[in-house]
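This report concerns only the one structure given below.
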Amino acid sequence: MFPRPLSPFYDFRSLYSAEALQKTIVIHNRFGFFYLNSHGFRRSLIYILTMGYNYTFNFSRLGKFLTLVCLILAPALFAQENEGAEDDKKFNPGKLILEHIGDAHEWHLWGEGASAMSIPLPVIVYSKDRGLSVFSSAHFEHGHKTYGGYKLIKNRLVAVDNLDVKDVKDAPMNDIITAGLWDISISKNVVTLLFSCALMLWLFISIAKTYKKNGSNMAPKGKQSFVEPLITFVRDDIAKASIGHKYERYVPYLLTVFFFILINNLLGLVPIFPGGTNVTGNIAITMSLALITLVVVTFTANRHYWRHMFAMPGIPVGVLFILTPIEILGFFLRPFVLMIRLFANITAGHIIALSFYSLIFIFGQMNVGLGYGVSILSTAFAIFMGFLELLVAFLQAYVFTLLTAMYFGAAVEDHHHAEDHASAH
């Protein structure tokens, strides 16, 4: 799923020398790079996912600790799984992290293997050859058994050749039927998605009934006192400031997007059911939100917006052959940026927090005492990352909503506003 780095560190030995360790470590934005520079030395480079913001740590000890973290964890995260019974018993941080940020046909609670405890979810699959099949994922027995001609391979539903064989090891995959499968199962992310939508409906319907009963002049109470400032913030500081006098028609959509992202971000930080999922870190969810934004812009943009895209006023015809393709490309890149930004930042936050927890077990396999010692630092930093993710949950909802409002504002901007803007420059 992730690219395998060619060389985690260009000069491996230099990381252990005092000259090569820099007191400042900068984590670059988005899918950034991890730089270790000392006295002009710029060869040490590791490709990792980062939190999505710029942080600078001016602590020598913290810098050395993070250097060791990346040195130990990066090969474990991106290494291929080794075959053999002994390797299967070892702790695999990459498998743990990918299972956490990915989707599944069951809700895992605790335990491993046959002793694992999970909540089974409905499996709904359609095949042209076998028709519609609906059953519980409990029949798979945590991926060890087949049922109805299907089995799970790394949480992916595939078809098997023999419907009578129950053991997955004796049931080879049928590539032809698998290619034509329509898997519309109620997966873990879908359950969280439905729960968050139900929570939003209950929240806003109850608040609307309170306003209808008491009026808008009374001081808000309870959950109303928490939600009302957020609604006012989205309306006044995002919609009205970015769109202008035509903001009212877009406020319902902007409020829906803001609270949908915020609630699912917060649910992702809750370690127990129905939280702990990676809904807003799922590329399908962020792509759907971005496509809806694209559709709204397409059908509500005025003629000045389209004219500016295909034939900008005052631009020579020869230059239009260069600028028009750029404008068209930018029209599709904007929702693409929305999609990638939310997906990358939320997913990276989960990966970093789980990586520090994984250090406890990685060092514990080397030495029990070492594992206990590292657990103190790893737990402390993981707690720090948890609070940071709490901030990011609000921040990413704000950024996505703000950029969406800016796209709407550019699409409905009046022509004389554009002329005033041009004359100002």
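Brief remarks follow.
- Helices (runs of 4 or more DSSP H) within the stretch 217-302 that include 3 or more residues at positive phi and outside the structural domain of LEU193 (by TED's automatic domain parsing): none
- Residue that is out of contact with any strand residue (DSSP E or B) (no Cβ under 9 Å at 6 or more places or on another chain) and surrounded by fewer than 20 Cβ atoms within 10 Å (Cβ to Cβ), where the choices are LEU269, LEU254, LEU262: LEU269
- Complete set of residues in the stretch 305-336 that are surrounded by 13 or more Cβ atoms within 10 Å (Cβ to Cβ) and among the aliphatic types (A, V, I, L, M): MET309, ALA311, MET312, ILE315, LEU320, LEU323
- The lone exception for ALA76 - which of (1) in a helix (DSSP H, G or I); (2) modelled with pLDDT of 90 or more it fails: (2)
- Segments classed as strands (runs of 3 or more DSSP E), wholly inside the stretch 107-189, with at least 3 members that are buried (at least 18 other Cβ atoms within 10 Å of the Cβ): 122-127, 150-153, 156-159
- Lone qualifier among LEU323, LEU329, LEU402 - being modelled with pLDDT of 90 or more, assigned by TED's automatic domain parsing to the domain that holds TRP306 and farther than 30 Å from LEU266 by Cβ: LEU329
- The residue pairs whose first member lies in the stretch 101-129 and is without any contact (Cβ under 8 Å) to a residue 60 or more places away in the chain, whose second member is in a helix (DSSP H, G or I), and whose beta carbons are closer than 8 Å, counting only pairs six or more residues apart or on different chains, are HIS108/GLU99; PRO120/SER137; PRO120/ALA138; SER127/ILE177; ASP129/ILE177.
- Hits in the stretch 198-208 (condition: in contact (Cβ under 8 Å) with a residue 12 or more places away in the chain and surrounded by fewer than 15 Cβ atoms within 10 Å (Cβ to Cβ)): SER206
- Filter pass, ASN302 being crowded, with 21+ Cβ neighbours inside 10 Å and out of contact with any Gly (no Cβ under 7 Å at 6 or more places or on another chain): no
- Residue ID - surrounded by the most Cβ atoms within 10 Å (Cβ to Cβ), chosen from residues in the stretch 360-380 that are over 30 Å from THR280 (Cβ atoms) and of a type outside the set (A, V, I, L, M): PHE363
- Scanning the stretch 345-359 for residues that are surrounded by fewer than 21 Cβ atoms within 10 Å (Cβ to Cβ) and without any contact (Cβ under 8 Å) to a residue 60 or more places away in the chain gives a single hit, TYR357.
- Sole exception among (1) farther than 24 Å from ALA410 by Cβ; (2) in contact (Cβ under 8 Å) with a residue 40 or more places away in the chain; (3) buried (at least 16 other Cβ atoms within 10 Å of the Cβ) for THR286, by number: (1)
- Matching option when the condition is out of contact with any Cys (no Cβ under 6 Å at 6 or more places or on another chain) and either more than 28 Å from SER196 (Cα to Cα) or hydrophobic (A, V, I, L, M, F, W, C) (or both), among PRO274, PRO316: PRO316
- Flag if THR277 is at pLDDT below 90 and either closer than 30 Å to ILE383 by Cα or of a type in the set (Gly, Ala, Ser) (or both): yes
- Criterion (among the basic types (Lys, Arg) and either under 18 Å from VAL279 (Cα atoms) or at pLDDT below 85 (or both)) met by exactly one of ARG334, ARG341, ARG303: ARG341
The values are calculated or read from the model by the stated rules, or taken from the named source; none is laboratory data. Not measured: the values here are computed from a predicted model. As a convention, Cβ positions derive from the backbone with ideal geometry for all residues, glycine included, and neighbour counts pool all protein chains shown.
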